[in-house]
Every structure is written in structure tokens, then in C-alpha cells.
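Here is the structure we will look at.
The values are calculated or read from the model by the stated rules, or taken from the named source; none is laboratory data. Keep in mind it's a predicted model, so treat the numbers as computed, not measured. Backbone-built Cβ (ideal geometry, glycine too); neighbour counts: all protein chains shown. The accessibility values were calculated without ligands, DNA or RNA, using every heavy atom of the protein model including side chains. Shrake-Rupley method; radii C 1.70, N 1.55, O 1.52, S 1.80 Å.
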Amino acid sequence: MAKKFAAALDGPSGAGKSTVAKTAASRLGILYVDTGAMYRAVGLAALRSGLAGDDRAGIERLLPGLTVMLHHGADGQHVLLNGEDVSGDIRSSQAAQYASKCSAVPAVRAFLLDTQRALAAGQSVIMDGRDIGTVILPDAEVKIFLTASPEARAERRYRELLASGQNVTLAGVRADLERRDEQDRSRAIAPLRQAEDAVLLDTSRLTLEESVEEALRIIFEKTGVRA
Ligand code: DC
């Protein structure tokens, strides 16, 4: 059996983390965990409750009534909010903004931490997020910080949202992305930053296939496990 390992893939929105992580995990035959989906589920709960995004006390009060679980099936990851599959609903720009706000609340991060660590305990994983290499899995065998220029990231996210049928403009998507990055980088708890021992992978000029190959090369270099 191949060696068990964890690969942490962090970086700003739109750098291609989820696509690269998902594809690399499938090539390696290991689990892919999208931690952003869990923050989005909490964000969606706050949105549905009619709370303002910055109502930290209100968000904290919601937590005891929430369960956020990930289900990994043949068709990928599903996120369940109190048992309801919200995998589609969490993808709206509004849910993303709420996710970013909620993710700055320490109680929300504490609420999701154990579930995330438990997923990496028994099996090999590629986990993507903002603080996987710095906080959740500081001993991960592989740490990659995936980034791309703001233009490339906005363009990719714009195409993704259009493809999913959302009515958006490139300028609007870029503004959203920059606002969210600024929030994620400047928050007091677990801010988005490159771990000291992470390999920087800039995908601005790479295709998806090239980015996946590069991530797989880094994983092989660190673990000896080949796709
Ligand atoms: O990766 P994403 O866009 O689905 O993440 C949604 C929000 O959740 C993002 O703005 C920051 C937050 N997040 C976080 O704080 N920590 C993580 N490990 C993953 C996401």
C-alpha cells in the first residue's frame, strides 16, 4: 500500500486550488477535501437566518444549532447543512461573501477544526483552504501555496460563474474577489498566508493540466508517491 500522507493546498480565491486539488487527488486515488465548502455552509446558514455578515454575536449564537458535514461519494464532495445537501446553494457570490465574514469569527473556525483534522487522520488527503498548512495540518508532508495574478484569478472565477448560469460581470467578480482576499488576508485569526515550508506555485501562465502536473511533481518529490 502507498504511504499515507497529507497535502495542504492553500491560496487566494480563484487561483485554481479546488480544480487542481480535485484532479490531483483523483489521479492519486486519494480523498479531496474542500474546506471552503464548510465555511460557505456556515455563511449560508447566516444568510438564511437574515443575519448581517458582520453580526459576529449572531453568527456565534447560530453554531450550537448547526451541523456541517462532508459526504464523499463517487461524484465528489457534498456538503450537508443540518442534513440538507447545500452543495449548489453555497456557490453563490452572496454565500461566498458571508463565508469570508464568518471565517473571521474564531468560534466558527474552532467549530470546523476537529472535523477537518479528523478527515486527514485515517487516510491520505489533499485538503484545500486558506490555513491548512499553517493551522489545520501543520505537519502535512506536502504544502503548496497556489497563487495567480489578480487578472488571471478574476477571469477564471468569472468563467466558472458564467458556466454555472450566474449573471455576473468580470469587473464585479474581480471586485468581489479582491474584497474577499483582503478580508481573508487581514483577519486576526488564521489569516491567509504562505506557510514557511510551503512550495509556491504560481499558475498565472499555466493551463489546468500543467498546474496539476506541477502539483503532482511536488507531491512525488516530497512523498515518493506517484500518480
Ligand atoms: O475556498 P472558498 O472560496 O470556497 O472559501 C470560502 C471562504 O471561506 C473564503 O473567503 C475564506 C474562507 N476559508 C477559510 O477561511 N479557511 C479555509 N480553510 C477555507 C476557506
Suppose we filter Q77, Q94 for residues that are open to solvent by 10 Å² or more (accessible area, probe 1.4 Å), within 13 Å of the ligand (Cβ to nearest atom) and assigned to a strand (DSSP E or B); which single one remains?
Q77
Qualifying positions in region 38-62 - within 17 Å of the chain's Cα centre (by Cα) and either aromatic (F, W, Y) or surrounded by fewer than 24 Cβ atoms within 10 Å (Cβ to Cβ) (or both)
Y39
Which condition number in (1) open to solvent by less than 80 Å² (accessible area, probe 1.4 Å); (2) closer than 28 Å to A107 by Cα; (3) out of contact with any Leu (no Cβ under 6 Å at 6 or more places or on another chain) is the one that F145 fails?
(3)
Looking only at region 116-133, which residues are over 14 Å from the mean Cα position of the chain (by Cα) and open to solvent by less than 50 Å² (accessible area, probe 1.4 Å)?
L119, A120, S124
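In this structure, does P106 turn out to be under 18 Å from D184 (Cα atoms), of a type outside the set (G, A, S) and exposed (fewer than 15 other Cβ atoms within 10 Å of the Cβ)?
Details: under 18 Å from D184 (Cα atoms): yes; of a type outside the set (G, A, S): yes; exposed (fewer than 15 other Cβ atoms within 10 Å of the Cβ): yes.
When the stated conditions are applied, P106 passes them.
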What pairs come out if I take residues in region 30-47 that are farther than 13 Å from N82 by Cβ and pair them with residues that are surrounded by fewer than 24 Cβ atoms within 10 Å (Cβ to Cβ) and of a type in the set (K, R) whose C-beta lies under 6 Å away, six or more apart or interchain?
Y32/K22
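State the number of residues belonging to region 162-208 that are outside any loop (DSSP other than H, G, I, E, B), away from the ligand (no atom under 13 Å from the Cβ) and closer than 15 Å to L146 by Cβ. Steps first, please.
Step one: of region 162-208, the residues outside any loop (DSSP other than H, G, I, E, B) are 162-163, 170-186, 199-202, 208.
Subsequent filtering for residues that are away from the ligand (no atom under 13 Å from the Cβ) retains 162-163, 170-172, 174-175, 199-202, 208.
Next, from what is left, pick out any that are closer than 15 Å to L146 by Cβ: 199-202, 208.
Residues flagged as outside any loop (DSSP other than H, G, I, E, B), away from the ligand (no atom under 13 Å from the Cβ) and closer than 15 Å to L146 by Cβ within region 162-208 amount to 5.
One line per residue, one yes/no per condition, for (1) within 16 Å of the ligand (Cβ to nearest atom); (2) part of a helix (DSSP H, G or I):
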| residue | (1), (2) |
| --- | --- |
| T19 | yes, yes |
| L51 | no, no |
| G58 | no, yes |
| R61 | no, yes |
Go through A171, A227 for me and flag whichever is over 20 Å from G36 (Cβ atoms), of a type in the set (A, V, I, L, M), modelled with pLDDT under 95 and out of contact with any His (no Cβ under 8 Å at 6 or more places or on another chain).
A227
Scan region 10-31 and give yes if some residue there is open to solvent by 30 Å² or more (accessible area, probe 1.4 Å) and within 24 Å of I189 (Cα to Cα), otherwise no.
yes
For region 127-146, enumerate the residues that are within 13 Å of the ligand (Cβ to nearest atom) and among the β-branched types (V, I, T).
I132, T134, V135, I136
